[in-house]
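Asker: Here it is: the structure, laid out below.
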């Protein structure tokens, strides 16, 4: 049995890494996983922060684990799915024996990707390119500040299935989101979800990314050659807050499947 992989969590726009705390606590305390989170620079109050800045911090987190021989599962939400999917580039487990023989034996790999209410990164496309540069009704461009500005009340957009007091707490935790990271940087995007197996957690009552759009994205990824398993929860855009136990359960199921597949790839039989 292989060691448990490290779980690298990537948050979405306007959020902080603490949005995952309920889930990471369960995974760490009850199941022994190492969970790593980071703050995306585009949400740290700097309008000049770019998509590549976000990508670099995620890649650094992945590299820190793989260079120490630990496999990684990337878990990403919303905008973070584009960052996490692209960050996989170069970290996936090689399949050809001749390639594997050139790798140091202590190197770890990204063995899977879990996307939560997210799109799928596309090489050459910025986050907003698939939308032709037009923001959805929930937010608008503020050219004076350089930030994406929420229009829809955040509680309705992200947390409508949480108790009022808790929802207001999470609203208070929201931060800024640089426009540059959303509209630029497509040259750094990569279809990493083609390189590893994917588990997609859909959110049926989502008021930010409608579930029909999520299902279309999953179908598109499968048509483009992605290996995508699909589960859904009857939650808002934030299942890790409103249904942390169910969310963690799906993650555990996915991590086991990823680990089993990785072990098959590593076995001598798979290299014949």
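Asker: For helix 51-66, report the angle its Cα long axis makes with the longest principal axis of the Cα atoms of the chain; keep it between 0 and 90° and round to the nearest 10°.
Answerer: The angle comes out near 30 degrees.
Asker: Further question: Mind checking the angle between helix 21-31 and the chain's longest principal axis? C-alpha axes, 0 to 90 degrees, to the nearest 10.
Answerer: That helix lies at roughly 30 degrees to the long axis.
Asker: Let me ask something additional. Once you place label points 7 Å from the Cα toward the Cβ at residue 215 and residue 187, how far apart are they in nm?
Answerer: Simple spin-label model gives 4.0 nm for this pair.
Asker: Cα centroids of region 139-167 and region 57-95: how far apart, whole angstrom?
Answerer: Comparing the Cα centres of region 139-167 and region 57-95, I get a distance of 28 Å.
Asker: Running a GNM on the chain with Cα contacts under 10 Å, which residue among 75, 88, 204 ends up with the highest mean-square fluctuation?
Answerer: Comparing 75, 88, 204 in the GNM, the peak value goes to 204.
Asker: Have a look at 251, 82, 38 and tell me which one the Gaussian network model of the chain (Cα, springs below 10 Å) gives the largest fluctuation.
Answerer: Greatest mean-square fluctuation among the candidates belongs to 38.
Asker: For the chain, with a Gaussian network of springs between Cα atoms less than 10 Å apart, report the residue from 193, 170, 139 with the top mean-square fluctuation.
Answerer: Fluctuation is largest for 139.
Asker: Of all DSSP beta bridges in the chain, what percent run antiparallel (nearest 5)? The partial results should precede the final answer.
Answerer: On the way: 5 of 30 bridges.
Around 15 percent antiparallel, to the nearest 5.
Asker: Could you check the simple spin-label distance between residue 68 and residue 95, using points 7 Å along Cα→Cβ, in nm with one decimal?
Answerer: With each label point 7 Å from Cα toward Cβ, the separation is 3.1 nm.
Asker: Here is a further query. Shape of the chain from its Cα gyration tensor (a ≥ b ≥ c, root eigenvalues): rounded if a/c is under 1.5, otherwise prolate when a/b > b/c, or oblate? Write out the running numbers ahead of the final one.
Answerer: On the way: a/c = 1.75, a/b = 1.45, b/c = 1.20.
Judged from the Cα gyration tensor, the chain comes out prolate (a/c at least 1.5, a/b above b/c).
Asker: Name the shape class, rounded, prolate or oblate, that the alpha-carbon gyration tensor gives for region 136-264, where a ≥ b ≥ c are the square roots of its eigenvalues, rounded holds for a/c under 1.5, and otherwise prolate holds if a/b is larger than b/c and oblate otherwise. Can you show the working numbers first?
Answerer: Working: a/c = 2.12, a/b = 1.31, b/c = 1.61.
Taking the square roots of the gyration eigenvalues as a ≥ b ≥ c, region 136-264 is oblate.
Asker: Relative to the longest principal axis of the C-alpha atoms of the chain, give the angle of the C-alpha long axis of helix 211-223, reported between 0 and 90° and rounded to the nearest 10°.
Answerer: Helix 211-223 sits roughly 30 degrees off the main axis of the chain.
Asker: How much length would be gained if the chain were fully extended between residue 149 and residue 204, taking 0.36 nm per residue of separation minus their Cα-Cα distance, in nm to one decimal? Numbers along the way, then the final one.
Answerer: Numbers: separation 55, 0.36 × 55 = 19.80 nm, distance 2.48 nm.
Roughly 17.3 nm would be gained on extension.
Asker: Still on this model: Pull out a ≥ b ≥ c, the square roots of the eigenvalues of the alpha-carbon gyration tensor of region 172-225, then state rounded if a/c is under 1.5, prolate if not and a/b is larger than b/c, and oblate in the remaining case. It would help to have the intermediate numbers written out before the result.
Answerer: Numbers: a/c = 2.18, a/b = 1.17, b/c = 1.86.
The shape class here is oblate.
Asker: Calculated from DSSP H runs of 4 or more alone, at -39500 (n - 2.57) each and per residue, what is the 222 nm mean residue ellipticity of the chain, nearest 500?
Answerer: Mean residue ellipticity at 222 nm (helix-derived): -10500 deg cm²/dmol.
Asker: What FRET efficiency do you get for residue 44 and residue 4 if R0 is 22 Å and r is their Cβ-Cβ distance, rounded to the nearest 0.05?
Answerer: On the way: r = 30 Å, r/R0 = 1.36.
FRET efficiency, residue 44 to residue 4: 0.15.
Asker: Right, here's the next one. So for the pair residue 30, residue 123, with labels modelled 7 Å out along Cα→Cβ, what separation do we get in nm?
Answerer: 4.0 nm
We did not get these values from a lab; they are worked out from the coordinates using the rules stated. Fair warning: this is a prediction, and the values are worked out from it, not measured in the lab. No Cβ is skipped: glycine too gets one built from the backbone with ideal geometry, and neighbour counts run over all protein chains shown.
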